[in-house]
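Undergrad: Before we start, here is the structure in question, set down as structure tokens.
The values are calculated or read from the model by the stated rules, or taken from the named source; none is laboratory data. For clarity, every value in this text was computed on a predicted model and none was experimentally measured. Because the Cβ atoms are built from the backbone with ideal geometry, glycine has one as well, and the counts that use them run over all protein chains shown.
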Amino acid sequence: MRITRLDLLRYGKFTDTSVALPGAAQDFHLIVGPNEAGKSTLRSAIQDLLFGIETRSRYNFLHVYNEMRLGALIEHGDSSLDFIRTKARTKTLQTVGGTALARQRVDPLPGSDRAYLL
């Protein structure tokens with residue numbers, strides 16, 4: 001599984017911001033920037049996208065909890081999935097059209113958790 005695009009729709013200091021991570025022969029992305037540019041926010045967004053936005057997320061300073069949203073386009077082999085993760089108690093994964101998705105559709109490694117990505 002690879003993330004082709006990460007959307008920070010309403011997360012941290014970002015609103016409707018997309019980060020493209022296109023595939024290439026040498027498929028490696030290094031994110032650099034000055035202090036406070038959003039590098040740590042991007043790392044946390046990937047964790048929250050895959051495992052759910054934490055109950056007491058520290059990334060709600062611009063957007064209140066019930067408005068927090070992340071999105072992504074992920075690819076695995078010949079298939080792809082464009083989806084959104086919301087901050088909620090249940091049904092946090094949905095298609096761009098609003099249809100609920102099962103967690104297994106975006107499980108990076110079955111049985112793993114957010115600590116795995118630290």
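Undergrad: Being at pLDDT below 90 and in contact with a helix residue (DSSP H, G or I) (Cβ under 8 Å, 6 or more places away or on another chain), is that true of even one residue in region 6-26?
TA: First pass over region 6-26, keeping only residues at pLDDT below 90: 22-26.
Keeping just the survivors that are in contact with a helix residue (DSSP H, G or I) (Cβ under 8 Å, 6 or more places away or on another chain) gives none.
Within region 6-26 (the criterion being at pLDDT below 90 and in contact with a helix residue (DSSP H, G or I) (Cβ under 8 Å, 6 or more places away or on another chain)), the answer is no, since none of the residues qualifies.
Undergrad: When both residues are 6+ apart or on different chains and their Cβ atoms are under 6 Å apart, which pairs have a first residue that lies in region 28-56 and is surrounded by 10 or more Cβ atoms within 10 Å (Cβ to Cβ), and a second that is polar (S, T, N, Q)?
TA: Final answer for the pair search is GLY52/THR92.
Undergrad: Among the listed residues ARG114, ARG85, ARG43, ARG89, which satisfies the condition of being modelled with pLDDT under 90 and under 21 Å from ARG2 (Cβ atoms)? Let's see the steps before the verdict.
TA: Numbers: ARG85 fails: modelled with pLDDT under 90; ARG43 fails: modelled with pLDDT under 90; ARG89 fails: under 21 Å from ARG2 (Cβ atoms).
Of ARG114, ARG85, ARG43, ARG89, the one residue that is modelled with pLDDT under 90 and under 21 Å from ARG2 (Cβ atoms) is ARG114.
Undergrad: How many residues are out of contact with any strand residue (DSSP E or B) (no Cβ under 8 Å at 6 or more places or on another chain) and not charged (D, E, K, R) when one looks only at region 1-30? Talk me through it step by step, then tell me what you get.
TA: Start the filter on region 1-30 by keeping residues that are out of contact with any strand residue (DSSP E or B) (no Cβ under 8 Å at 6 or more places or on another chain), which leaves 12-13, 24-26, 28-30.
Cutting the leftovers down to not charged (D, E, K, R) gives us 12, 24-26, 28-30.
So the count comes out to 7.
Undergrad: Those residues that are in contact with an Asp or Glu (Cβ under 8 Å, 6 or more places away or on another chain) and within 14 Å of ARG85 (Cα to Cα), I need them from region 19-49; list them, please.
TA: Result: ASP48, single match.
Undergrad: In region 57-90, which residues are surrounded by 10 or more Cβ atoms within 10 Å (Cβ to Cβ) and in a loop (DSSP other than H, G, I, E, B)?
TA: The answer is SER57, TYR59, ASN60, LEU62, HIS63, VAL64, MET68, LYS87, ALA88.
Undergrad: Select from region 1-27 the residues that are surrounded by fewer than 12 Cβ atoms within 10 Å (Cβ to Cβ) and at negative phi and list them in ascending order.
TA: Going through region 1-27, the residues surrounded by fewer than 12 Cβ atoms within 10 Å (Cβ to Cβ) turn out to be 16, 20, 22-27.
Passing the criteria: ALA20, PRO22, GLY23, ALA24, ALA25, GLN26, ASP27.
Undergrad: Continuing with the same structure: I'd like to verify a number: residues in region 1-56 that are over 27 Å from GLY77 (Cα atoms), outside any helix (DSSP H, G or I) and among the small types (Gly, Ala, Ser), how many? Write out each step before concluding.
TA: Start the filter on region 1-56 by keeping residues that are over 27 Å from GLY77 (Cα atoms), which leaves 10-16, 32-41, 54-56.
Filter once more, keeping what is outside any helix (DSSP H, G or I): 10-16, 32-38, 54-56.
Filter again for among the small types (Gly, Ala, Ser), leaving 12, 33, 37-38.
Selection size over region 1-56: 4.
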